[in-house]
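Each remark here refers to the structure printed beneath this line.
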Amino acid sequence: MSEKKSRIVYIKRFLEEQTDEAHPTTIADILAYLKTLDIGTSRQTIARELEQLTEAGADVICNAGKPNQYFIGDRHFELPELKLLVDAVMASRFIPPNKADALIEKLSNFTSIHQSGELRRSLYTDKHTRPVRSKAYITVDLLYTAESKGLKIIFKYFEWGADKKKIYKHDRQDYYFSPYGLVWNNDRYYTVGWSDSHNKIITLRVDRIAAPKLTDETAVPKPKGFNMAFYSESVFQMYDGPVQDITLHCENDMMKHVIDRFGEVVKTEILDTEHFIAYVNVPASPTFFSWVFTFGGSIRITSPEDVVERYREMLSMALR
């Protein structure tokens, strides 16, 4: 690299790392920085190369004065955007602590050293639920690669035993899997796709996939009419059975939970000063019953009678 090209690269790096709107720099500062790198030049040359950086697309802002002051204006990410990304990394149970720290360190490179300290946020997260040595983020990348290339992957799948040791499914069976997409639900990644051994579409927890490898086998195509959004709802919401019209008797402060679950389009009717009725169209599944139970009687199923009876039976079995 020629001395001129090398000098411009270092000037750009200095501006990106050391300056922002609240911390501009001068040509004298840039000269002093280049001197530490044994790069000699003149004020006129620096001024000209700052202009060249601007012409090349760098947002070098000049505050005219005596002396002129310079800083990088527009960046790839604004500081509030970086803060949101850092919060998302910190809050994710999917990312191991050491990997989260490394990602935050990389994100800090998108702003100046003066602002990077603001990315060390005080967001509290429950660290007990975070994996310690998980490589699931690598599996996510492999799944995306397999999907884009139309290839199968092979892996083993495990669950946890009572002794907190991994139990590999079906005697360490190899799963041949054609990924159709990924779903983020309840702060976890799931993969949806065709399993050769099951001969159907299944959903698997990504963090329970072990030793995944990309194969050279062509993936099984998605079935005709397969709708990823509908499938995801059927698995992760409440739609894992025949749909029924169900009436819910709710206390007024339960409206936020009803809307969170069924959306603002849910049909409701004011019953009295303390209650409302919600009319929902969902399967009377264990998932739905579990959701109702969460509210300890503040939401009650009132019809149809067969659904009420099945809910009672489920509660009875839970108390055995």
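Report, in deg cm²/dmol and to the nearest 500, the calculated mean residue ellipticity at 222 nm for the chain, where each DSSP H run with n ≥ 4 adds -39500 (n - 2.57) and the sum is divided by the residue count. That calculation yields -11500 deg cm²/dmol at 222 nm. Each label point was placed 7 Å from the Cα along the Cα-to-Cβ direction; for Y137 and L85 their separation is 1.2 nm. Tally Lys and Arg at +1 and Asp and Glu at -1 over the other residues with C-beta under 13 Å from the C-beta of H275: what net charge comes out? Computed value for this residue: -4. Along the positive direction of the dipole of the chain (beta-carbon charges: Lys, Arg +1; Asp, Glu -1; about the Cα centre), which of I270, L214, L31 reaches farthest? Working it through, the farthest residue towards the positive pole turns out to be L214.
FRET efficiency for the K165 to E313 pair, using the beta carbon distance and R₀ = 35 Å, is estimated at 0.50.
For H249, neighbours were defined as the other residues whose beta-carbon sits under 12 Å from its Cβ, and their charges (Lys and Arg +1, Asp and Glu -1) total -3. Each Lys or Arg adds one and each Asp or Glu subtracts one; over the other residues with Cβ under 11 Å from the Cβ of H23, this totals -4. Computed packing ranks the peptides 95-104, 62-71 as 95-104, 62-71, most packed first, by mean other Cβ atoms within 10 Å. Estimated at 0.36 nm per residue, the fully extended path between I259 and R13 surpasses their Cα-Cα distance by 83.7 nm. For the chain, a Kirkwood radius taken over Cα pairs fed into Stokes-Einstein (4 °C, viscosity 1.567 mPa s) yields D = 51 µm²/s.
Need the list of aspartates and glutamates near K83 for cross-linking: C-alpha distance under 20 angstrom, and skip anything on the same chain fewer than eight residues off. Leaving aside aspartates and glutamates fewer than 8 places away in the same chain, those within reach of K83 are E16, E17, D20, E21, D74, D101, E105, E118, D126, D187. Its Cα centre serving as origin, region 3-72 has a Cβ charge dipole (Lys and Arg +1, Asp and Glu -1) of approximately 320 debye. Modelled label positions at E105 and N63, each set 7 Å beyond Cα in the direction of Cβ, lie 3.2 nm from each other.
Give the angle, between 0 and 90 degrees and rounded to the nearest 10, that separates the Cα long axis of helix 27-36 from the longest principal axis of the Cα atoms of the chain. Taking Cα atoms only, the helix is inclined about 90 degrees.
Centre-to-centre, using Cα atoms only, region 12-91 and region 287-320 are separated by 62 Å. Listed by chain and number, the lysines whose alpha-carbon sits under 26 Å from that of K149, ignoring those within fewer than 8 places in the same chain, are K135, K200, K213, K222, K224. The angle between the Cα long axis of helix 97-107 and the longest principal axis of the Cα atoms of the chain comes to about 40 degrees, rounded to the nearest 10. The dipole here belongs to the chain: it is taken about the Cα centre, uses +1 on the Cβ of Lys and Arg and -1 on the Cβ of Asp and Glu, and is about 1440 debye. Sorting 108-116, 142-150, 294-302 by their mean Cβ neighbour count within 10 Å, with the most densely packed peptide first, gives 108-116, 142-150, 294-302.
Extension gain, S197 to S6, is 63.1 nm, computed as 0.36 nm per intervening residue step minus the present C-alpha separation.
Since every read-out is calculated from the coordinates, none of them should be taken as a lab result. Note that the coordinates shown come from a computational prediction; the quantities given were computed from them, not determined experimentally. All Cβ positions, even for glycine, are placed from backbone atoms using ideal geometry, and neighbour counts span all protein chains on display.
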